[in-house]
1. Filter the cross-link list B:49/B:257; A:118/B:426; B:180/B:443; B:248/B:421; A:118/B:166; A:79/B:185 down to pairs whose alpha-carbon distance in this structure exceeds 31 Å.
2. Among A:216, B:41, which comes first, second and so on when ranked by fewest other beta-carbon atoms within 10 Å?
3. Distance check, please: which entries in B:371/B:397; B:282/B:324; A:188/B:270 exceed 24 angstrom between their Cα atoms?
4. Roughly how many nanometres apart are two label points built 7 Å out from the Cα toward the Cβ at residue B:278 and residue B:84?
5. Looking only at other chains, what is the average number of their beta-carbon atoms within 10 angstrom of each beta-carbon in A:122-129?
6. So which GluC sites (Glu not before Pro) in the stretch B:1-109 end up in coil per DSSP with only 12 or fewer other C-beta atoms within 10 Å?
7. Rounded, prolate or oblate: which fits the stretch B:253-376 when a ≥ b ≥ c are the square roots of the eigenvalues of the alpha-carbon gyration tensor, with rounded for a/c under 1.5 and prolate only if a/b beats b/c?
8. Taking 8 Å as the Cα distance limit and 6 or more residues as the minimum spacing, I'd like the relative contact order of the stretch B:406-453 as a percentage.
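Just so you know, all these numbers are worked out from the coordinates, no wet-lab data involved. The structure presented is a predicted model; accordingly, all values stated were derived computationally and were not measured. All Cβ positions, glycine included, derive from the backbone under ideal geometry; neighbour counts span all protein chains shown.
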Amino acid sequence: MVVVGRYSATISQQRSTNNEIMSKEKFTRLVTTTVPLPVENIDTDQIIPARFLKATTREGFGDNLFRDWRYDSDNNPVKDFVLNTGIYSGKVLVAGKNFGCGSSREHAAWAIHDFGFKVVISSFFADIFKGNALNNGLLPVVVSDNYLQGLFIAIEKNPKTEVIVDLEKQTITVNGASESFDINLYKKICMVNGYDDIDYLLSLNSEIREFDLAHS
Amino acid sequence: MNDTKPKTIFEKIWDSHVVKNAEGYPDALFIDRHFIHEVTSPQAFDGLKKRGIKVFNTHRTTATADHNVPTKDQHLPIKEALSRHQVETLRNNCQEFGIELYDLGHPFQGIVHIIGPELGLTLPGMTIVCGDSHTSTHGAFGNIAFGIGTSEVEQVLATQCILQNKPRTMRIEINGKLSKGVLSKDIILYIISQLTASGATGYFVEYAGDTIRNLSMEARMTICNMSIEMGARGGLIAPDEITFDYIKGRRFAPQGKVFEKKVEEWKKLKTDEGAVYDAVLKFTADDIGPMITYGTNPGMGMRISDRIPTIEELKEISGQISLKKSLDYMGLEAGSQLLGKAIDYVFIGSCTNARIEDLRLVAAMVKGKKKAANVKVWVVPGSKQVEEQAKREGLDKVFEEAGFELRSPGCSACLGMNEDKVPAGKYCIATSNRNFEGRQGPKSRTFLASPLSAAAAAITGRITDVRELV
């Protein structure tokens, strides 16, 4: 297990008593080009419109990621939309502030991840989206407004600009300029190790059972 | 921890539901009541099946079909294959795991946030979650209610807990008397317009002040419902006699002596003198008029008689870009007025405004009048019980005479998952909660407003200041 802080010993002890671990994708460090979407308040209805929420599995939502920005009403690709221009590609989506506001649909995180993104960078995320992303191996990285603007300019200047996202060090680096980012330590350990919240909660079964009885 | 420290109502409820607060972990928060629906639950049940585990306590989860159901001919099989499959999947999962389902045709079916309160499942002091961001509605009863993702739905089904970090607290106080024609919907649209669509992110809000105290339970629900539209995790109102009167005698609420005992406990659910919030905001009712949104997020709202801001009036460049993008989408001019603007659709419905009081207000305004020829009007009751009550009171006749279509319960055109969609380029004045691009159908254009403003627009065919009609 990767040592990421003073809590790691407690958590690894907790894990070793739990037989139910279902391993998820692990995230440590990523070097990749990016896709910029400099729009603020991108809500989850834009990320995945409601009419595409009818599936009963988690897979395949990437096809309809940003559906109504990506395709016109005749289902033809909108030429100047960033995912269609052919200029930008990569595993990091860079978006304007208050990304993921609106509906709690986890399908938004599934769609972004399914499309192939591993990280979303913004200066501000909506709470529910942030939680959903972290529960699905999609890392939300919060940077300062200034850093975000600098990043948009750098990517526009050179679409092949690479970013280095280092979760262990909690840094993002572009053209030698680094900024550190915050992440809840527990969530970081889960991301680095591919843990799932439910494993921990299942290990509390008897305490929860007691609580339930006392409050019924 | 010092238990004598003054606490907010939020802290009291939260702290009493923490099963485990282990070092390095978020709180394991016990959930009293869990609501599920067809759209955000199938993948959670799949998770349980893969892990081979049962639902922790089936009595604490209630299911209904609402997001994806037709609002016409609900007695017939759902025509659209994917929607039908999703509702059938819910049915099968509820049967397999032993969960109570209020399916299409059941007298208790309806929008999940409408049926919880009307059935007495929603009570003060509880923790309530649902895979839907408008779960905050239930907070009107003085409980902690918030929306969650599907992974968390799975956690709750499996363990009756979720892992959460305690949010910060915000108090929003509104005092004063509301003027004629101003409803609770206008209050919340006003607050969101002041805070922006992200102004309360990271906070859990408590609404207080005499303006809030004087509202009915249904009006309070409208306020708490839209807490998420300013980014807040949830919003609550401390319970009082109005709350207890509403709950008394409801189907699943405590009855008789047990109820009386509960009321004594619930009376303690208020913020202690001297308790500290992370943020406090105060507004006066005098500043609030009938509101309307002009943009593509709920924070872009104004008094209906105001004009849309000009690009230059906004200080930040990012805000200017957003305004321009929104107005392009809406087909509106910066600096212009909305009064008198012709509309094409009127949607009266959703978990925000589809309760019996909303329908009564609309009916009282349109009684003896006819809708304008240029508009199509949908009235979609929030639940089967609301629909039946409306019929008992003869509201269906009023709507019929006015040329309004009274549909069967569901989320309907709030999110356009079923066939109730506003066509591309058309304008809809809606009592729902979101005006996002394409929310009511691809390229649809939404104005959010109160049920009275929507009713007024239905009659005139234009955006109308309701104060001219009442």
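1. Over 31 Å apart, Cα to Cα: B:49/B:257; A:118/B:426; B:180/B:443; B:248/B:421; A:79/B:185.
2. Fewest to most other Cβ atoms nearby, the residues stand as A:216, B:41.
3. From the list (B:371/B:397; B:282/B:324; A:188/B:270), the Cα-Cα distance tops 24 Å for B:282/B:324; A:188/B:270.
4. Placing both labels 7 Å beyond Cα along the Cβ direction yields 4.8 nm.
5. Counting Cβ atoms of other protein chains within 10 Å of each residue's Cβ and averaging gives 5.
6. B:23
7. Oblate.
8. Once normalised by length, the contact order is 35 percent.
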